[in-house]
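Q: Below is a structure I'd like to ask you about.
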Amino acid sequence: MYQQIVILTGAGISAESGINTFRDQDGLWEEHKIEDVATPEGYARNPVMVEAFYNARIAQLHDGKVTPNKGHHALVKLEQEFNGELLIVTQNIDDLHERAGSRRLLHMHGELFKSRCPQSQQTFMLQDTFGPEHTCTCCIPAQRLRPHVVWFGEIPIGLDRIQDALDSCDLFIAIGTSGTVYPAAGFVDTANYHGAQTIEVNLAEADRHSKFQYHVQGKASQRLPDLVNHILQGRKVSDLSCAVTDNLIGKGDI
Ligand code: BJW
C-alpha cells in the first residue's frame, strides 16, 4: 500500500472535456505564438491581445458543454478513498479538477478565473473577463490586473510544497502531459531519485527515453478509473500486467 502519492496533470486530462492541448495537432500553439501570448514580454507589448486570448478560454469554460470527464472524477475518488497523503499538482489553469470535486490541488501555472496585481502580487477572483477597467484595490494608483498565470521565464507557484511532496512520495503519476516544460518535466527525476514508483498515463506511446518506470497508454478518462481502483485495492503499479507496459527503466534495459 502506498503512503504518499503525488499526481501531476497536464492538458491531456482536459482534452476529453473539449479543451485543446498546447502541442498536439490543433493545439493552442498552432494558432498562437508562444512568445506573444505566454511570456511577460508579449503581455507588455500587447496586453489587449493577451487578454483576448485568455478571455476566449474563459468563454470556453463557461460554455455548458465543457465539464469534467471520467479522468477528473477518478482522481476525486482516489482523493476521497485513499488513506495516505495525496497531492494533485496541475499545470492546467482550467477549473475542471475543482468542478469534479478535487480539493488537495495545487495550480502550479496559475488559474484562469483569478487575476493578479503586477505590483503587490495580490490575487483577485475574476468577476467577468480581463480588460483595462479591471484594476486592483491594493495600490495607489490602482494597477491594471493581469492574468494569474505563469508565463515562460516566470517562477511557477507552490514549488516548495511540491518539492516536499516529491521528496517523500512513494508513487508519482503524470497524466496527459508532454513533459516539455520545466520544472514540471523534472518532477519524475526527483521522484525516481527518492525511490518512488513512477508511472505515466498518456495517449501517446511510451518514449524509448522516458524517465518513467511504467507507462499506461490510452485516454485518461478510460485508463484512470482502473488505475485508481488498482491503487485503492492496495496493489502496486508494478503488479499491473496487461494495463501497464513495463517501461525500459523498470526492466533495467538502459
Ligand atoms: C492525452 C490525452 C488524453 C492528449 N489522455 N493524454 C531550456 C531547457 C530547460 C528549461 C528551459 C530552457 N529554456 C527555458 C526553460 C524554462 C522554461 C521551459 O521549460 N521551456 C521549455 C519549453 C524548454 N520554463 C519556464 O520558463 C517555467 N519557469 C521557470 O522555469 O522558472 C525558473 C525557475 C524554476 C524553478 C525554480 C526557480 C526558477 C515557466 C513555465 C510556464 C509554462 N506556462 C504555460 C502557459 C500557462 C498559461 C496558459 O495556460 O496559457 O503552461 S506553457 C503551457 O505548457 C502551459 C502548460 O501547463 C504547459 C505544459 O503543457 P502540457 O500540459 O504538457 O500540454 P501539451 O500540449 O504539451 O501535452 C499534452 C499531452 O497530453 C500530450 O503528451 C498528449 O499525448 C497527451 N494527451 N490527450 C491522456 N485524452
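Q: Would you compute, for the Cα atoms of segment 51-152, the largest minus smallest coordinate along each principal axis and list the three values in descending order, in whole Å?
A: 49, 31, 24
Q: With every protein chain present, what is the per residue accessible area of the chain (1.4 Å probe, Å²)?
A: I get 49 Å² per residue for the chain.
Q: Grab the other residues whose beta carbon is less than 12 angstrom from that of F172, score K and R as +1, D and E as -1, and report the net.
A: That sum, taken over residues with Cβ under 12 Å, equals -3.
Q: Taking the Cβ of E51 as the center, what net charge do the other residues with Cβ under 12 Å away carry, scoring Lys and Arg +1 and Asp and Glu -1?
A: +1
Q: Using a Förster radius of 25 Å, what is the FRET efficiency between R208 and K70 based on their Cβ-Cβ separation? Nearest 0.05, please.
A: Plugging the Cβ-Cβ distance into 1/(1 + (r/R0)^6) gives 0.30.
Q: Assuming a ≥ b ≥ c are the square roots of the Cα gyration tensor eigenvalues, decide whether segment 106-183 counts as rounded (a/c under 1.5), prolate (otherwise, with a/b larger than b/c) or oblate.
A: It is prolate, given that a/c is not under 1.5 and a/b is the larger ratio.
Q: By how many nm would the segment from Q217 to Q121 grow when fully extended, if each residue of separation counts as 0.36 nm and the alpha-carbon distance is taken off?
A: Working it through step by step, the gained length comes to 30.6 nm.
Q: Using a ≥ b ≥ c from the Cα gyration tensor of segment 1-58 (square roots of the eigenvalues), is it rounded, prolate or oblate, where a/c under 1.5 gives rounded and otherwise the larger of a/b and b/c decides, a/b for prolate?
A: Taking the square roots of the gyration eigenvalues as a ≥ b ≥ c, segment 1-58 is prolate.
Q: Along the Cα→Cβ direction, 7 angstrom out, place labels at R144 and N46. What is the inter-label distance in nm?
A: 1.4
Q: Fully extended, how many nm does the chain gain between E98 and T135 (0.36 nm per residue separation, minus their Cα-Cα distance)?
A: Using 0.36 nm per residue and subtracting the Cα-Cα distance, I get 10.7 nm.
Q: On to the next question. Would you work out if segment 89-245 is rounded, prolate or oblate? Take a ≥ b ≥ c from the square roots of the eigenvalues of the alpha-carbon gyration tensor; rounded if a/c is under 1.5, else prolate when a/b is larger than b/c, oblate otherwise.
A: prolate
Q: With a Förster radius of 25 Å, plug the Cβ-Cβ distance of H230 and Y182 into 1/(1 + (r/R0)^6) and report the FRET value to the nearest 0.05.
A: Approximately 0.25, to the nearest 0.05.
Q: How tilted is helix 159-168 with respect to the longest principal axis of the chain? Cα atoms for both, answer in degrees (0 to 90, nearest 10).
A: Roughly 10 degrees, rounded to the nearest 10.
Q: For segment 1-110, just the Cα atoms, rotate onto the principal axes and tell me the three extents in Å, largest first.
A: Each principal axis gives a Cα extent; for segment 1-110 these are 50, 29, 23 Å.
The values are calculated or read from the model by the stated rules, or taken from the named source; none is laboratory data. Owing to the predicted nature of the structure, the values given are computational and were not obtained by experimental measurement. Cβ sites come from the backbone with ideal geometry, for glycine too, and all protein chains shown count toward neighbours. For accessibility, only protein heavy atoms count, side chains too; no ligands or nucleic acids. Shrake-Rupley method; radii C 1.70, N 1.55, O 1.52, S 1.80 Å.
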